[in-house]
1. Compute the distance from the alpha-carbon center of region 61-87 to that of region 295-370, in whole Å.
2. What length, rounded to one decimal in nm, is gained on full extension from Lys173 through to Tyr14, with 0.36 nm per residue of separation minus their alpha-carbon distance?
3. Which lysines, on any chain, are close to Lys320 with Cα under 26 Å apart, when same-chain ones fewer than 8 places away are left out?
4. Compute the Rg/Rh shape ratio of the chain: radius of gyration over Kirkwood radius, all on alpha-carbon atoms.
5. Given +1 on the Cβ of Lys and Arg, -1 on the Cβ of Asp and Glu, and no further charges, what dipole in debye does the chain carry about its Cα centre, rounded to the nearest 20?
6. Using only alpha carbon pairs under 8 Å that are at least six residues apart, calculate the relative contact order of the chain and give it in whole percent.
7. Just for the Cα atoms in region 188-301, what are the lengths along the principal axes, largest first, rounded to whole Å?
8. Arrange Arg371, Arg264, Arg125 by Cβ neighbour counts within 10 Å, fewest through most, would you?
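Only the coordinates and a few stated rules stand behind these numbers; no lab work does. Treat the numbers as computed from the prediction; the structure is a model and nothing was measured. Here the Cβ is made from the backbone with ideal geometry for all residues, glycine too, and neighbour counts use every protein chain on show.
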Amino acid sequence: MLENKIKHEVDKIYDEMVSWRRTLHQYPELSFKEYETSEFIFNKLNEFGVDKFERLSETAVVALINGAKGDGKCIAIRADIDALPVEEKTDYEFASKNPNKMHACGHDGHTSMLLGTSKILTENRDLFKGSVKVIFQHGEELFPGGAVSLVEQGVMENPKVDAIICAHIVPDKDSGAIRIKSGDVSIGCDLVNITITGQSGHGSRPHEGKDAITAASQYILAIQQIVSRYTNPKEQVVLSVGTLKAGTAVNIIADKAELSLNLRTFDLKTLEIAKQKLFDIAKGLEIATGCKFDLDYVVGYQGVRNNQNIVDLVAESTKKYLGEDAVQIGDFDLGSDDFSYYMNATNTPGAYYFLLSGYETESPYPNHHGRFTWKEEAMKTGVVSYLASALEFLNN
């Protein structure tokens, strides 16, 4: 049976995948600076014998693997390859050797799984028609994200991608299963950097200055009304102020305050309402406080909205190869990912889902934490899910 053959192929290269993962984990590189990582990927793909390379940026690697059964559709599988500016605090023997850099989001596993998928596909071309495009994407962790440039450079064309999938590692009490759903699955996120300029003065004569700290405090409180009063309660909206910097001395009225916030929502119309209110409230407080508000609005990632047909493909294919327990129907996630751009900018149906990977500590540490861990055995499920979905899509 094909299912047994695929599981055997994955078992056969599992030790290699672990080796790749641990090498990548020791040498993490930050977004848009993944030079050694991309060279590692390129050399492996070249060794496997892929059909076509595309270097659409300095650090992303894209390759095409053609089936031996003739022309057909094209499915893309994406893995992000960048690390985070996080100090590693795990007990791994293969912990990061690069100070204050860590694969704290599982991208080392994503890369290794897609390399494993690529190797098996190149060695078993007789199993499928059409083609699989593997996208090793740079810069997922840093706005504007690497997906934008790749799409603009034509990554979804030549051949045209008919569907795209991506799995993301998450620590969970379960391991060796995927969690997937149709519709909204990952929330959109924009950033806003705000500079408030007032006028300094002596702390004993506050009426002679224009207090930037007071203005910033009023703004932080006022914008909470955006979620509670200006947007539809049925829509998910998250507005979080992450930083506030102001003041130089205890007896000086601050003439400058800087704050940053992130705005997250699934719905684009709701996003526009919230965005406009951020500016409206700033204008009102300029009058009320006498301080000047300058808003730098950074467009980030749109929400990921999964296609029902591709979700069904991934779920049913994974069940077929691994059994009913290998698939869970999940909920949406309030994290953000530029995977949305591949689908939204090109109108390509896709599915973004989660690989439940367990953890290696007494309790789970979340993605982006210095003690973040996951079980390497989960990569087997990830690769089988990729292969099952690709083969079912291309052959049926």
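1. 16
2. Values: separation 159, 0.36 × 159 = 57.24 nm, distance 2.21 nm.
Contour length minus the Cα-Cα distance gives 55.0 nm.
3. Here the lysines satisfying the reach criterion relative to Lys320 are Lys5, Lys7, Lys12, Lys69, Lys73, Lys119, Lys129, Lys133, Lys173, Lys181, Lys375, Lys380.
4. 1.05
5. About 620 debye.
6. So the answer I get is 23 percent.
7. Sorted largest first, the three principal extents are 48, 22, 17 Å.
8. Fewest-to-most Cβ neighbours within 10 Å comes out as Arg125, Arg371, Arg264.
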